[in-house]
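A short worksheet on the structure shown next.
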Amino acid sequence: MTEFLPPSYIPNTDADRADMLRAVGVGSVDELFAEIPEAVRNPELKLPPPLAEAELLRHMRELAARNASLEDYTCFLGGGIYRHFVPSVVQHVIA
């Protein structure tokens, strides 16, 4: 039995890209995305400057601390769902 190994990452060659474009019925990548208005194809990304790993971890912890959790608030999830007595006449009345 052959052991399954996932394929390693190999960038597409020009021939691979040509085969894929042919399979979807277009002649170029520009033609593939022609339906998308050019103004929104490659929007300018307004990203903050890069951070060192320690700075990024601190920033992510600060963002996470702004989230509410069940430790911060009372949770009524499942409240009211419990075993309880329902008189048999109820089924006759609502049926």
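The values are calculated or read from the model by the stated rules, or taken from the named source; none is laboratory data. If you're wondering where the values come from, they're calculated on a predicted model, not measured in any experiment. FYI the Cβ positions are ideal-geometry reconstructions off the backbone, even for glycines, and counts take in every protein chain you see. Remember, those area values only see protein heavy atoms, side chains included, never the ligands or the DNA or RNA. Shrake-Rupley method; radii C 1.70, N 1.55, O 1.52, S 1.80 Å.
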Starting from 0.36 nm per residue, how many nanometres of slack lie between residue 85 and residue 57 once their C-alpha separation is accounted for?
4.9 nm
Rounded to the nearest whole Å², what accessible area per residue is found for the chain with the 1.4 Å probe?
104 Å²
For the chain, what % of the accessible area comes from carbon and sulfur atoms, probe 1.4 Å?
60 percent
If you fit an axis through the alpha-carbon atoms of helix 14-24 and take the longest principal axis of the Cα set of the chain, what angle between them do you get, 0 to 90°, nearest 10?
50 degrees
Compute the acute angle (0 to 90°) between the alpha-carbon long axis of helix 53-65 and the principal axis of greatest extent of the alpha-carbon atoms of the chain; round to the nearest 10°.
30 degrees
For the range 26-73, which trypsin sites (Lys or Arg not before Pro) are in a loop by DSSP, counting at most 15 other Cβ atoms within 10 Å?
46, 66
Just how much of residue 51 is accessible, in Å², when a 1.4 Å probe is used and the result is rounded to the nearest 10?
90 Å²
Are there GluC sites (Glu not before Pro) in the range 15-95 that DSSP puts in a loop and that have at most 12 other Cβ atoms within 10 Å, and which ones?
35, 44, 71
Cα gyration tensor category, rounded, prolate or oblate, for the chain with a/c compared to 1.5:
prolate
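Tell me, in nm to one decimal, what length is gained between residue 20 and residue 70 on full extension, where the rule is 0.36 nm per residue of separation less the Cα-Cα distance?
Working: separation 50, 0.36 × 50 = 18.00 nm, distance 4.81 nm.
Using 0.36 nm per residue and subtracting the Cα-Cα distance, I get 13.2 nm.
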